[in-house]
Number of protein chains: 2
Amino acid sequence: MFTLAEENYLKAIFHLEHDSAGEVSTNAIAESMDTRPSSVTDMIQKLAEKKLLTYKRYKGVKLTKEGIKVAANVIRKHRLWEVFLVEKLNFHWDEVHEIAEQLEHIQSEELITRLDKFLGSPDFDPHGDPIPDKHGVLKRTEKRLLSEIEKNQQGVCVGVKESSAEFLQYLDKKKISIGTKISVLGKEFFDGSMIIQVGADQFFISKMVAENLFVQTL
Amino acid sequence: MFTLAEENYLKAIFHLEHDSAGEVSTNAIAESMDTRPSSVTDMIQKLAEKKLLTYKRYKGVKLTKEGIKVAANVIRKHRLWEVFLVEKLNFHWDEVHEIAEQLEHIQSEELITRLDKFLGSPDFDPHGDPIPDKHGVLKRTEKRLLSEIEKNQQGVCVGVKESSAEFLQYLDKKKISIGTKISVLGKEFFDGSMIIQVGADQFFISKMVAENLFVQTL
DNA sequence: TTTTATATTTAGGCAAGACTAAAAAAATAT
DNA sequence: ATATTTTTTTAGTCTTGCCTAAATATAAAA
Ligand SMILES: [Mn+2]
Ligand SMILES: [Mn+2]
Ligand SMILES: [Mn+2]
Ligand SMILES: [Mn+2]
């Protein structure tokens with residue numbers, strides 16, 4: 001139905017729309033996809049003709065209903081495959097993204113229906129990201145960044161914002177994963193760093209770490 | 001490492017080399033891939049430069065060691081994924097080929113290692129075709145076409161030569177699958193047709209059917 | 001052996017999806 | 001309000017993998 005390149009553009013635009021309101025700019029797409037703005041212009045003009053997004057020259061783009069549906073389906077596939085890789089093949093959560101980038105483009109409705117069932121229709125992927133249902137609807141949860149939590153409050157880790165292998169490996173070293181209980185013992189106003197407790201361990205984390213961990217307060 | 005198109009060419013040539021001895025002709029490749037001879041010439045020249053096959057103008061091609069390795073690995077992936085689809089996702093054996101055609105191109109050594117383990121390192125795919133090991137070596141078995149079996153002999157179905165959905169569905173209707181015991185009750189010399197027994201049922205099969213079923217004699 | 005038919009290759013082109021360089025529009029600064 | 005910078009688009013190219021049409025080599029027939 002859609003090419004690999006088209007699917008990747010739609011997915012990137014979908015994520016950008018969720019990161020900030022309003023139209024998505026050509027340069028933002030180019031940067032997020034590690035490609036050139038001129039290449040982006042080419043592609044968004046094609047996608048506009050196919051009614052997957054609306055585009056006015058110099059004014060950025062916005063996905064249409066159809067474009068959202070296609071993008072959400074690619075993301076659904078990506079996240080379901082990540083669950084498969086972790087739950088069934090015992091991959092670690094920092095190893096699955098690149099493989100899922102390929103698997104998300106496999107075309108077969110039936111395959112995804114059956115994979116979903118096989119996995120027990122999971123709601124979240126290994127990084128805590130919600131899996132869109134077959135209509136593209138995302139389950140909303142009230143999660144907050146750890147950086148927004150006050151001193152002496154506690155939360156359970158429910159996801160990561162950044163999911164680079166480096167960050168995930170850092171979390172492993174600190175024994176933090178989805179479901180881990182975190183207590184904020186101290187918070188430094190001037191640089192946003194924190195002292196937290198995880199299990200029996202107490203340690204320092206930077207603002208950068210706190211801003212990339214999602215928690216649910218208890 | 002290799003493009004999707006390159007992998008598909010290598011795979012097709014690999015199969016053609018196994019179907020008949022000697023060099024593989026441009027036209028044979030074109031026909032098996034449903035493409036034009038001129039396109040084949042283009043590609044085999046590229047593959048020859050990459051030392052994946054040897055090519056002399058007008059004389060056909062032959063895979064090198066490296067070419068065989070690459071092709072066998074694609075086939076290994078194809079067949080492992082077919083096992084996954086049938087064993088884990090409960091697809092029927094006539095539904096898996098098209099999806100495996102896509103999955104066979106996913107690039108990750110680790111993925112295949114783990115998938116293989118997850119599936120219990122199967123030796124054969126759902127159609128009875130052998131799965132190459134990680135070095136590209138195919139397990140040899142002495143299977144024969146049902147059409148070569150004499151009257152009053154018996155065999156166990158161990159594979160199909162053709163694995164089109166139509167043929168597989170015909171076999172289902174006749175309750176024949178891998179492992180099914182078949183007795184040859186009669187054989188018509190002039191058209192190669194047979195009367196066979198499967199379970200309690202006795203029925204007629206054409207030469208075409210008998211020539212596409214592999215059995216192992218008891 | 002010469003002619004005819006078939007197989008294969010070459011030449012030239014096209015679409016997708018990328019790129020660089022240059023032009024044009026929009027945003028910012030003076 | 002004008003000048004400068006930044007963003008975006010256009011123009012022109014490149015590579016991959018395909019195509020058609022024409023040329024050429026090989027195989028088959030006369
Ligand atoms: Mn991912
Ligand atoms: Mn994820
Ligand atoms: Mn197959
Ligand atoms: Mn098979």
For the structure I just gave you, tell me whether A:LEU52 is within 30 Å of B:LEU111 (Cα to Cα) and either more than 14 Å from chain B (Cβ to nearest Cβ) or open to solvent by less than 50 Å² (accessible area, probe 1.4 Å) (or both). no
Limited to the range B:55-66, what total is found for residues that are closer than 16 Å to B:LYS11 by Cα and surrounded by 14 or more Cβ atoms within 10 Å (Cβ to Cβ)? 5
Take the conditions hydrophobic (A, V, I, L, M, F, W, C), more than 10 Å from ligand 3 (Cβ to nearest atom), within 15 Å of the chain's Cα centre (by Cα) and more than 11 Å from chain A (Cβ to nearest Cβ) and apply them to B:VAL137. Does it pass? yes
Please verify whether A:LYS117 is over 22 Å from A:THR26 (Cβ atoms) and open to solvent by 20 Å² or more (accessible area, probe 1.4 Å), treating the condition exactly as stated. yes
Report, by residue number, each residue of the range A:178-207 that is surrounded by 15 or more Cβ atoms within 10 Å (Cβ to Cβ) and hydroxyl-bearing (Ser, Thr, Tyr). A:THR180, A:SER183, A:SER193
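The values are calculated or read from the model by the stated rules, or taken from the named source; none is laboratory data. Note that this is a predicted model, so its numbers are computed, not measured. All Cβ positions, glycine included, derive from the backbone under ideal geometry; neighbour counts span all protein chains shown. For the accessible areas, the whole protein counts, side chains as well, though only heavy atoms, and no ligand, DNA or RNA atoms are used. Shrake-Rupley method; radii C 1.70, N 1.55, O 1.52, S 1.80 Å.
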